[in-house]
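What follows is a set of notes on a single structure, which appears directly below.
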Amino acid sequence: MAKYFKTKNGKTIVLRNPAEKGTRYSKQLKAGKVEETGKKLTPTDRSYRIGYLQARSDNAKAYKSKHPRKYPKKTK
């Protein structure tokens, strides 16, 4: 769940958990722009978001390889 904070200057900051951040980045990549501002993503913005999503994927694969399932998968 996102947390909203106000700074001393009155600016509101949103802190998101990694799952929310990943979902937001994938939506932005598909749309090609930032929803809040409507600005197009620059190549630097695109590469940052792609890298973030790739790192999450790599970490999930590493975790799954170190923690195999205890029970076999169900087959039909």
Report summary line: Sole miss for Lys8 among (1) in contact (Cβ under 8 Å) with a residue 12 or more places away in the chain; (2) open to solvent by 100 Å² or more (accessible area, probe 1.4 Å) is condition (1)
Report summary line: Considering the stretch 29-65, residues that are open to solvent by 100 Å² or more (accessible area, probe 1.4 Å) and aromatic (Phe, Trp, Tyr), and then whichever is farthest from the chain's Cα centre (by Cα), we arrive at Tyr63
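The values are calculated or read from the model by the stated rules, or taken from the named source; none is laboratory data. Only a predicted model underlies this, so the values are computations on that prediction, with no experimental measurement involved. Using ideal geometry, Cβ is built from the backbone for each residue, glycine included, and neighbour counts are taken over all protein chains shown. To get the accessible areas, we keep the full protein, side chains included, count just its heavy atoms, and leave off ligands, DNA and RNA. Shrake-Rupley method; radii C 1.70, N 1.55, O 1.52, S 1.80 Å.
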